[in-house]
1. Test Phe342 against the stated conditions and say whether it is at pLDDT below 95, hydrophobic (A, V, I, L, M, F, W, C) and open to solvent by 10 Å² or more (accessible area, probe 1.4 Å).
2. Could you tell me whether region 296-319 includes any residue that is away from the ligand (no atom under 16 Å from the Cβ), aliphatic (A, V, I, L, M), open to solvent by 10 Å² or more (accessible area, probe 1.4 Å) and under 20 Å from Glu191 (Cα atoms)?
3. Return the residue satisfying two criteria in turn: it lies in region 406-425 and is touching a residue at least 24 places away in the same chain (Cβ under 8 Å) and on the phi > 0 side of the Ramachandran plot, and of such residues it is surrounded by the fewest Cβ atoms within 10 Å (Cβ to Cβ).
4. Taking the conditions exactly as written (within 16 Å of the ligand (Cβ to nearest atom) and either in contact (Cβ under 8 Å) with a residue 60 or more places away in the chain or surrounded by 20 or more Cβ atoms within 10 Å (Cβ to Cβ) (or both)), does Val242 satisfy them or not?
5. Could you check region 16-105 for strands (runs of 3 or more DSSP E) lying wholly inside it with 2 or more residues that are aliphatic (A, V, I, L, M), modelled with pLDDT of 95 or more and within 19 Å of Gly420 (Cα to Cα)?
6. Which of the residues belonging to region 142-155 are within 16 Å of the ligand (Cβ to nearest atom) and assigned to a loop (DSSP other than H, G, I, E, B)?
7. If only one of Phe395, Phe380, Phe357 is among the aromatic types (Phe, Trp, Tyr), open to solvent by less than 10 Å² (accessible area, probe 1.4 Å), out of contact with any Ser or Thr (no Cβ under 6 Å at 6 or more places or on another chain) and farther than 25 Å from Leu294 by Cβ, which one is it?
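The values are calculated or read from the model by the stated rules, or taken from the named source; none is laboratory data. What you see is a predicted model, and the numbers here were worked out from it, not measured in a lab. Glycine also receives a Cβ, built like all others from the backbone with ideal geometry; neighbour counts cover every protein chain displayed. In case anyone asks, the SASA skips ligands and DNA or RNA and just uses the protein heavy atoms, side chains included. Shrake-Rupley method; radii C 1.70, N 1.55, O 1.52, S 1.80 Å.
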Amino acid sequence: MTRTLFHGGQIVTEENRNPIKRDILVEDGLIIAVEESITSVNADTEKVDCTGRIIVPGLYDVHVHLREPGREDKETIETGAQAALNGGVTGILAMPNTTPPIDNGGMVRYVLNIAREKAAVTVHTTGCITKGRAGHALAEIGDMVAGGAIMITDDGDPVHDPLVLRRAMEYARNFDLILGMHCDIKELFNEGAMNEGAASYRLGLPGIPTASEEICMERDLRLAKLTGARVHIQHVSSAGGVEIIKRFKNEGVQVTAEVTPHHLIFNEDDILDYNTHYKMNPPLRSVEDNEKLLEALNEGVFDCIATDHAPHTSFEKKLDFCSAPFGITGLETALASLYDRFISKDKLRWDTLVRCFSGAPRRLLKLPSVEIKKGNTAEFLMFNPAETTTASKEFFCSKSVNSPFFNKTMQGLVEKVVIGGVVKMDRTKSDA
Ligand SMILES: [Zn+2]
């Protein structure tokens with residue numbers, strides 16, 4: 001039997017607006033007591049001093065690209081999970097746009113087997129909605145669910161044919177399976193590289209209008225209303241998108257939605273010098289969109305914060321802005337960036353972060369809670385608001401460094417991560 005007392009820290013929960021002082025006693029991986037002060041413990045109890053640290057339940061990211069199989073030069077299941085651990089993310093949901101795509105039960109099992117063997121955090125996987133993610137014929141949804149897939153999505157692309165999407169929704173409803181929706185209209189997206197507007201005209205780059213996202217979202221949600229399916233709108237980038245989600249939520253449609261740190265923090269004006277670390281899909285929009293997305297996060301329109309972690313090689317990201325691939329990494333910088341830009345400035349509260357980045361994502365996928373309370377598994381991170389994070393090459397565990405935070409410093413540091421009662425990542429040690 002192993003006992004550990006994490007003492008002196010402040011825990012954050014969905015119920016309390018602000019961090020509260022609590023000691024946490026863990027026995028064999030389970031939390032057995034959470035009290036304001038725990039003083040009488042056995043002599044053999046290990047003690048971890050958490051003074052000055054915020055203790056956050058393990059984060060869960062519902063939108064991660066792991067690149068295995070097919071592009072292991074960008075990321076593997078092992079390195080992606082290591083990157084997650086580095087950022088305090090203890091559970092991740094892998095997208096199916098690998099090569100070949102995860103569109104059958106065999107592929108689902110293959111990915112989950114590698115994860116079981118090599119991943120430092122919990123890895124779940126999605127499966128495709130359509131065969132080969134090609135948008136024409138339904139994938140083997142039943143077989144993928146039997147294999148362990150917990151969401152279906154053609155992420156990277158929308159399902160082009162609305163009839164195919166309708167059938168997928170009807171089918172998924174039978175399993176109470178959630179569908180992840182990547183919303184854009186291919187014909188409107190066209191050859192676009194960034195948001196269409198003043199900035200794209202100035203830079204001379206082909207634009208992607210917000211209407212591309214909005215029209216597809218509207219279509220997908222009308223189909224969700226028609227079929228009664230549960231749908232999850234991925235990486236919402238625009239104020240118009242927020243309005244659409246609000247409207248359908250008010251109508252009682254079973255819709256949830258996610259927002260990424262980069263769509264909250266950056267906008268089209270950050271692309272000043274054609275830096276491809278600001279190229280992603282959907283693109284960064286305007287400063288007004290930033291404000292609207294943050295407001296929607298605080299108002300509860302968004303259920304999840306998700307990173308859309310999308311590793312690419314430096315070689316590819318060094319191509320010109322139009323040729324470089326879409327996507328940036330996010331697992332390792334998410335919490336520090338949100339703390340630096342919003343929480344430390346009182347623009348976002350800890351309870352909202354815990355709800356959207358730990359509690360709600362797990363509820364959405366029907367996974368066990370890691371809330372810091374008696375009886376739950378001990379899965380949390382220690383965040384030091386007095387320290388800083390510099391996203392240097394050495395800091396990243398991901399195989400790729402395509403991040404807009406590359407070589408930048410943020411206030412706050414994920415210092416330790418505990419999974420199953422065991423300290424799995426400890427930056428205070430590696431620094432010593
Ligand atoms: Zn997507």
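1. no
2. yes
3. Applying the filter and picking the extreme gives Gly420.
4. No: the conditions fail for Val242.
5. Working: elements: 23-27, 30-35, 46-49, 54-57, 59-64, 89-94.
Result: 23-27, 30-35, 54-57, 89-94.
6. Matches in region 142-155: Asp154, Asp155.
7. Residue meeting the stated conditions: Phe380.
One line per residue, one yes/no per condition, for (1) among the acidic types (Asp, Glu); (2) in contact with a Phe, Trp or Tyr (Cβ under 8 Å, 6 or more places away or on another chain); (3) in a helix (DSSP H, G or I):
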| position | (1), (2), (3) |
| --- | --- |
| Leu223 | no, no, yes |
| Ser237 | no, no, no |
| Thr256 | no, no, no |
| Asp270 | yes, yes, yes |
| Pro282 | no, no, no |
